[in-house]
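Below is one structure; the comments refer to it alone.
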Amino acid sequence: MDERLQLEGIDAGYGGARVLEGVGLEVGVGEVVCLLGANGAGKTTMLLTIAGLLRPSAGRLTWAGQDLLRVPPHRIVEQGIALSPEGRQLFPNLTVLENLQLGSYCRHARPYRQASLGEVYALFPRLHERRDQAAGLLSGGEQQMLAIGRALMARPRLLLLDEPSVGLAPRLVAAVFESIARIASQGIGVLLVEQNAYGALAIAKRGYVLANGRVVTAGLAAQLEAAPEVQAAFIG
Amino acid sequence: MGLYVQLLVDGLFLGGLYTLAAIGISLSYGVIRIINFAHGEFVMLGSYAAFWLATLYKLDPLTSLPLVVLGGGVAGYLLFRWVIRHVLEAPHLNQILLTFGISLVLQNLAVVLWTGDLRSATSVVSYAAAELGPVLLTFSRLIAFVVAVLLVVALLGWLKWSELGRATRAVAQNQQAALLMGIPIRFIYALSFGISAALGAAAGGLLSFLIPLSPWMGFPLVVKAFAIVALGGLGSVMGAIAGAMLLGLSETAVSYVLPGGSGWAEGVSFVFLLGILLLRPRGIYGQALEEQHR
């Protein structure tokens, strides 16, 4: 089965306000695809739509050939798509370990909980050191590791990351991007939403640029780095 | 000296029962964000269930307690699935009116079915007591306290260590993130409401051999329970325990110290409610669950 995420002609928004218009996108096995664009371009909306938290008003959304449009969010995790949301959305009063355990709540991931924990701790040894701390007491970088680790606990085939580098010190940003590249090297598809365009393009294979709810440019990461739309979106 | 020890013991016993009566309100508010004004009627129905099981089937209220708890849990779960579920997205006022309406319906249903006569059940422990130095231990209150503590500890343990309990705490802190974990939120809601009702019914089962029963017994209890959860911070389970102990001890102290005190004791909860609303609206523990909720 080809585990490929495909969006075609997606319209989505909040209430009456349409944010995405006719958006199309694809992510394949083990590839990092980045989604760039200025604030308010619709990047987060796109991820929420894929995760099932937002219902598109038109378009097609399929995963491994299966229609996802009417699947409730808690079932989408079971299909192998995990979102590490904007603002991390941890459970602040729960410990690091409890947050990770909750990441593997869904049926297909629970039997592998111990193995997944080992893998996440190997990727982020810091989380192992702080496993009994309340998540709310972690530093920004540690919280970001926990948000990614928690999503990985669901043993996803596709990982959606919403601005994992936001608010982190430059040294930590590099570490986070490096771990994303390692995750993809294990065969997990990654759809990466980023403000840090050049950091994202450095680890991505392909990318899309959103502006005002539409895809304005798409292509290989190397081409996008020089594209005027990317410059415009972030410098202009 | 003896008086103070007695006061402490009696206050503690009362606090234990109050904890059991109030903790359900705290749980359903903490997880579902619904303030359940019908909680007192779960207590009342638990009492009547224990009374009728004792009267018709000669079951001791302590023996029938598991049945009463189970029945309360199932009833709460179904009430949520059939009724409460429909107002989850509604304004708070609608939710309050709905649970208040349910409370009135249940009270009057009890009057229709069982009349307004006062009733009471007796347990094997009802007439037993022991003197321990200067302190008189009434066995019925002691046993009720022990059972209440066991149930509260069971709830806390379930929340802390079980898969579903952990998921319940996650839902209380961040619903959207819980959804992303694959936690079926609606089921967790119904389960929490069921457990909340089960705990209320358990309090009722224990009260059946301690106080006279009537269809209206739930209302003063729910007022006290609100004082308790307001005192402890709405939605905080630990806060509810602290609040219940404080109320139990204060009421007992008032009834011991003031002349005609047992009448005045009934007013203590109102003083607390008013005081806390004026001085520290978030409660003693406050915001524990609320802060991160969206």
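The values are calculated or read from the model by the stated rules, or taken from the named source; none is laboratory data. Since the model is a prediction, treat every value here as computed from it, not as a measurement. For neighbour counting, all protein chains shown are included, and Cβ atoms are generated from backbone atoms with ideal geometry for every residue, glycine included. Note: areas computed on protein heavy atoms with side chains; ligands, DNA, RNA excluded. Shrake-Rupley method; radii C 1.70, N 1.55, O 1.52, S 1.80 Å.
What the table below lists for this structure:
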| quantity | calculated |
| --- | --- |
| R0 of 22 Å, Cβ-Cβ distance B:A129-B:T55: FRET efficiency to nearest 0.05 | 0.35 |
| Rounded, prolate or oblate (a/c below 1.5 giving rounded, otherwise prolate when a/b exceeds b/c) for the protein assembly as shown by Cα gyration tensor | prolate |
| The stretch B:2-293: radius of gyration over Cα atoms, expressed as a fraction of 2.2 N^0.38 Å | 0.98 |
| Between A and B, accessible area buried - total, square angstrom, nearest 100, 1.4 angstrom probe | 2100 Å² |
| Intensity falloff of the stretch B:38-120 expressed as log10 I(q)/I(0), Debye formula with alpha-carbon point scatterers, at q = 0.10, 0.12, 0.13, 0.24 Å⁻¹ | -0.30, -0.42, -0.48, -1.19 |
| Normalised convex hull volume, the stretch A:52-151, alpha-carbon set, Å³ per residue | 109 Å³ |
| Percent of beta bridges antiparallel (DSSP, the protein assembly as shown, rounded to nearest 5) | 60 percent |
| Over the stretch B:112-166, relative contact order from alpha-carbon pairs under 8 Å, at least 6 apart, % | 18 percent |
| Peptide-level mean, for B:181-189, of C-beta atoms on other protein chains within 10 Å | 6 |
| Mean shadow area of the stretch B:132-282 over all directions, Cα convex hull, nm² | 11.4 nm² |
| Under the Debye formula (equal points on every Cα, no solvent term), log10 I(q)/I(0) of the stretch B:104-159 at q = 0.22 Å⁻¹ | -0.86 |
| Helix-only [θ]222 nm of the protein assembly as shown, DSSP H runs n ≥ 4, -39500 (n - 2.57) each, per residue, nearest 500 | -18000 deg cm²/dmol |
| Shielding by other protein chains, A:34-45, mean Cβ within 10 Å | 0 |
| Residue-wise HN-Hα coupling along the stretch B:264-272, computed from phi with Karplus coefficients 6.51, -1.76, 1.60 (Hz; x: Gly, Pro) | 5, 4, 5, x, 4, 4, 5, 4, 4 |
| Relative contact order of chain A, pairs being alpha-carbon contacts under 8 Å that are 6 or more residues apart, as % | 28 percent |
| Chain B: relative contact order as a whole-number percent, Cα under 8 Å and 6+ apart | 36 percent |
| Solution diffusion estimate, µm²/s, Stokes-Einstein, chain A, Kirkwood Rh from C-alpha pairs, 25 °C, viscosity 0.890 mPa s | 138 µm²/s |
| Peptide A:82-90, shielding by other chains (average Cβ, 10 Å cutoff) | 3 |
| Accessible surface of the protein assembly as shown, 1.4 Å probe, proportion on carbon and sulfur as whole % | 63 percent |
| Between the stretch A:147-191 and the stretch A:37-73, the Cα center-to-center distance that results, in Å | 19 Å |
| Protection proxy ranking, peptides B:53-63, A:34-44, average beta carbon neighbours within 10 Å, highest first | A:34-44, B:53-63 |
| Sites matching trypsin sites (Lys or Arg not before Pro) across the stretch A:74-130 that sit in DSSP coil, with at most 13 neighbouring C-beta atoms within 10 Å | A:R107 |
| Accessible solvent surface per residue of the stretch B:2-293, calculated while the other protein chains remain in place, 1.4 angstrom probe, Å² | 43 Å² |
| DSSP-defined antiparallel bridges as percent of all bridges, chain A, nearest 5 | 50 percent |
